[in-house]
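Working notes for the structure below.
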Amino acid sequence: MTSEPGSTKFQIDLRRHLRNNEVERNLTILICELAEASKYIINSIRTGDLGVAGTSNLYGEEQLELDVLSDRILQKRLKNSGVVSSFLSEESSEVVYLACEDGQCYSVAYDPLDGSSLVDVNLAVGTIISIYAGSDLMQTGRKQVAAMYILYGPRTTIVYSTGNGVHEFAMNQLMEYTLVQENVTIDKAGGIYSPGGQRNLYTDGTREYVLSLEASGHKLRYSGGFVPDINQILMKGRGIFMYPHLKGHPNGKLRLLYELNPMAFLVEQAGGAASNGYMPIMDIKPQGIDDRAPVFIGCKEDVAMAESFVARELAVTG
Ligand code: AHG
Ligand code: MN
Ligand code: MN
């Protein structure tokens, strides 16, 4: 439910919400630091250089100036927070370990600017963050203690969960994040489907699945930005996003540690599901920091249907 402007709930800022929900002190510090970092990332998106950085990331993907700049902004915040013991960025090729002695420490896997190539066509992009207690990032997503994303769209919003529901905040004219709604839920099948990847590389099972979604009246909504595409399903409370296994790309495209696990945490917290077609995303044991996985994520019914089409395909092709 959305708070009515003017009601006291409407004025709750992010830090107060974390305290009201008795979120552990250092986790509150961490989430607020990440929210602060977003203000500098917004500025770099609006005014920064849209060019290439002349470097590439672990995946051999050309880094844009904005990828590198956003990553630097977040690294600085994480290093100075005093509550982070390790972090991994999409833009760096190894886990960075930090000294952290003061109380509970956390590890962060993040995508500093997901969809960065969409900035030059003025489409929405986002920052995706996965948080674990302690210093081990190579755990299943089930072990996350929090996840959040920051969506740089017509409005700048933060969606977070620490395991007690999914809550949305919007940046106001003073650049403060104030509560928009609590306990976002995905509870209805149908509505929209968001099919990533080249259709000509879809396997038969996935292609039949998409045909069944269209036959049942799902409307196609795909921006090419994972954060806005997932946000649309969360905020409408319905639908499914997929970036499936493709011919020649059995693991699809999206990265497990800092794209799929955090979004799976949020979507499951909202009552939805996230699967690689065979098992929950959050039960996948990471093998490497660059793991990818196919993904079907959204309302439970639509995800279960995807798994049935994939299982049927497996039964036929073996
Ligand atoms: P990133 O910009 O961090 O590399 O991620 C982009 C991802 C994700 O935002 C989106 O779902 C997917 O790329 C879109 O891929 P296609 O362009 O192949 O559809
Ligand atoms: Mn990404
Ligand atoms: Mn990225």
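The values are calculated or read from the model by the stated rules, or taken from the named source; none is laboratory data. This is a predicted model, so every value here is computed, not measured. Counting neighbours? That spans all protein chains shown, and the Cβs are built from the backbone with ideal geometry, glycine included. With ligands, DNA and RNA removed, areas are computed over all heavy atoms of the protein, side chains included. Shrake-Rupley method; radii C 1.70, N 1.55, O 1.52, S 1.80 Å.
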If every Lys and Arg gets +1 and every Asp and Glu gets -1 at its Cβ, then about the Cα centre the stretch 129-220 yields a dipole, in debye to the nearest 20, of 140
Quick one: what are the phi-derived ³J(HN,Hα) couplings along the stretch 22-35, Karplus 6.51/-1.76/1.60 with θ = phi - 60°, whole Hz, x for glycine and proline?
6, 6, 3, 3, 6, 5, 4, 4, 4, 4, 5, 5, 5, 5
What is the pair-distance distribution P(r) of the chain, computed from all Cα-Cα distances in 20 Å bins starting at 0, with each bin given as a whole percent?
34, 59, 7
At 222 nm, what value in deg cm²/dmol follows for the chain if DSSP H runs of at least 4 each add -39500 (n - 2.57) and the sum is divided by all its residues, to the nearest 500?
-10000 deg cm²/dmol
Which value in Å is the Kirkwood Rh of the stretch 38-80 over different Cα pairs?
10.8
If I take every Cα pair under 8 Å that is 6 or more residues apart in the chain, average their sequence separation and divide by the length, what percent do I get for the relative contact order?
16
Could you give the length gained by full extension between Q181 and S135, i.e. 0.36 nm per residue of separation minus their alpha carbon distance, to one decimal place?
13.4 nm
Estimated vicinal HN-Hα couplings, Hz - the stretch 162-170 in sequence order (Karplus 6.51, -1.76, 1.60; Gly, Pro = x)
10, x, 10, x, 10, 10, 10, 10, 10
Which order do H249, H218 take by accessible area at a 1.4 Å probe, largest first?
H249, H218
Over the stretch 29-126, what is the relative contact order in whole percent, taking alpha-carbon pairs under 8 Å and six or more residues apart?
24
What net charge is computed for the residues neighbouring G103, neighbours being all others with C-beta under 14 Å from the C-beta of G103, Lys and Arg scored +1, Asp and Glu -1?
-2
Using +1 on the beta carbon of Lys and Arg, -1 on that of Asp and Glu, and nothing else charged, what's the dipole of the chain about the Cα centre, debye to 20?
540
Extreme residue, positive dipole direction of the stretch 174-216, given options N200, Y177, V210 (C-beta unit charges):
N200
Near D290, within a Cβ-to-Cβ distance under 15 Å, what is the net charge of the other residues, with Lys and Arg +1 and Asp and Glu -1?
-3
Cross-link pairs K39/K143; K143/K300; K39/K253; K247/K285; K219/K300 - those with Cα-Cα distance over 25 Å
K39/K143; K39/K253
Could you sort 116-123, 32-39 so that the peptide with the highest average Cβ count within 10 Å comes first and the rest follow in order?
32-39, 116-123
Of all accessible heavy-atom area on the chain, the percent that carbon and sulfur account for (1.4 Å)
50
Can you give me the P(r) profile for the stretch 14-181? Cα pairs, bins 5 angstrom wide beginning at 0, each as a whole percent.
2, 8, 19, 21, 21, 16, 9, 4, 0, 0
If I model a spin label at N43 and V121 as a point 7 Å from the Cα along the Cα→Cβ vector, what separation in nanometres do I get?
3.0
Work out how far the C-alpha atoms of the stretch 188-234 reach from end to end along every principal axis, then list the three figures in whole Å, largest first.
28, 22, 12
If unit charges are put on Cβ atoms (+1 for Lys and Arg, -1 for Asp and Glu) and the dipole of the stretch 192-317 is taken about its Cα centre, the option from F265, S308, Y243 lying farthest towards the positive end turns out to be Y243
Keeping all protein chains in position, work out how much accessible area E301 exposes to a 1.4 Å probe, and write it in Å² to the nearest 10.
100
Using alpha-carbon pairs under 8 Å, 6+ residues apart, how would you state the relative contact order of the stretch 14-181 in percent?
16
Rounded tilt (10° steps) of 204-215 against the dominant C-alpha axis of the chain:
80
The value for the stretch 101-152 (convex hull of the alpha-carbon atoms, volume per residue, Å³) is 92
